[in-house]
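In what follows, a single structure is set out as structure tokens and then discussed.
The values are calculated or read from the model by the stated rules, or taken from the named source; none is laboratory data. It should be emphasised that the depicted structure is a prediction, and the values quoted were computed from it without experimental measurement. For neighbour counting, all protein chains shown are included, and Cβ atoms are generated from backbone atoms with ideal geometry for every residue, glycine included.
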Amino acid sequence: MNRFWWCLVLIVFLIIIDQLTKGYVDSNFQLHESVSVIDGFFNLTYVRNKGAAWGFGRMFDDNVRLVIFKVLPVIAVGFLFYLLYKSIKEAFYMTLSYALIIAGAVGNLIDRIMLDFVVDFFDFYIGTSHWPAFNIADSCITVAAVIIGYDALFIAPKKKKAK
């Protein structure tokens, strides 16, 4: 099986895990209910996010939210599949990054289409300072961003210098 098909399997697997965890939280927690996992550091807390990262755009008009959070992501996912396909012959970590972003984008897009919000539940904090709650899909996108950032800062300059 070539790399593209392995990435498709990974994407489907991550979307399923994302949706199963969100479904579990939605079915077994009350909104804003919090269960301590690591006291003083990590809770599972049920949050509904109508916006993007850190709740950006949650107060936008419904028509604006439709375009930003439902229409544009469909177009972006199509473009990301194109990038994924083109990256097959490049470094594996870039192909992996595109697969992770696709999985995360589709996972959150499913929520937005079906629920009109995204289910978030990972709640990390120290004292009273909380990181915004997030989910598996958000984690996929974040890991991909770190990989792409690492490439831009450390690998690409070396390749450019070698040429």
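Since LYS86 meets every condition but one in (1) surrounded by 15 or more Cβ atoms within 10 Å (Cβ to Cβ); (2) farther than 20 Å from ARG48 by Cα, which condition does it not meet?
Every listed condition holds for LYS86 apart from (1).
Identify all residues within the stretch 124-135 that are of a type outside the set (Phe, Trp, Tyr) and within 18 Å of SER27 (Cα to Cα); write none if there are none. Walk me through how you get there before you give the answer.
Going residue by residue through the stretch 124-135, those that are of a type outside the set (Phe, Trp, Tyr) are 126-130, 132-133, 135.
Matches in the stretch 124-135: ALA133, ASN135.
Quick check on this structure: which one of ASP138, ASP120, ASP151, ASP111 is in a helix (DSSP H, G or I) and touching a Ser or Thr at 6+ places or on another chain (Cβ under 9 Å)? It would help to see each step written out before you state the result.
On the way: ASP138 fails: touching a Ser or Thr at 6+ places or on another chain (Cβ under 9 Å); ASP120 fails: in a helix (DSSP H, G or I); ASP111 fails: touching a Ser or Thr at 6+ places or on another chain (Cβ under 9 Å).
Being in a helix (DSSP H, G or I) and touching a Ser or Thr at 6+ places or on another chain (Cβ under 9 Å) holds for just one of ASP138, ASP120, ASP151, ASP111, which is ASP151.
If I filter the stretch 48-69 down to residues being over 22 Å from LEU31 (Cβ atoms) and at pLDDT 75 or above, which single residue comes out as surrounded by the fewest Cβ atoms within 10 Å (Cβ to Cβ)?
ASP61
State which residue pairs qualify: first residue under 18 Å from VAL106 (Cβ atoms) and inside the stretch 61-87, second residue surrounded by 13 or more Cβ atoms within 10 Å (Cβ to Cβ) and aromatic (Phe, Trp, Tyr) in any location, beta carbons under 6 Å apart, and separation of 6 or more residues or different chains.
Qualifying pairs under 6 Å: LEU80/TYR98; LEU83/TYR98; LEU84/TYR98; SER87/TYR98.
Hey, can you tell me all the residues within the stretch 121-140 that are under 26 Å from VAL9 (Cβ atoms) and surrounded by 20 or more Cβ atoms within 10 Å (Cβ to Cβ)?
PHE121, PHE122, PHE134, ASN135, ILE136, ALA137, ASP138, CYS140
Across the stretch 123-135, what is the number of residues that are without any contact (Cβ under 8 Å) to a residue 60 or more places away in the chain, part of a loop (DSSP other than H, G, I, E, B) and hydrophobic (A, V, I, L, M, F, W, C)?
Qualifying residue count, the stretch 123-135: 1.
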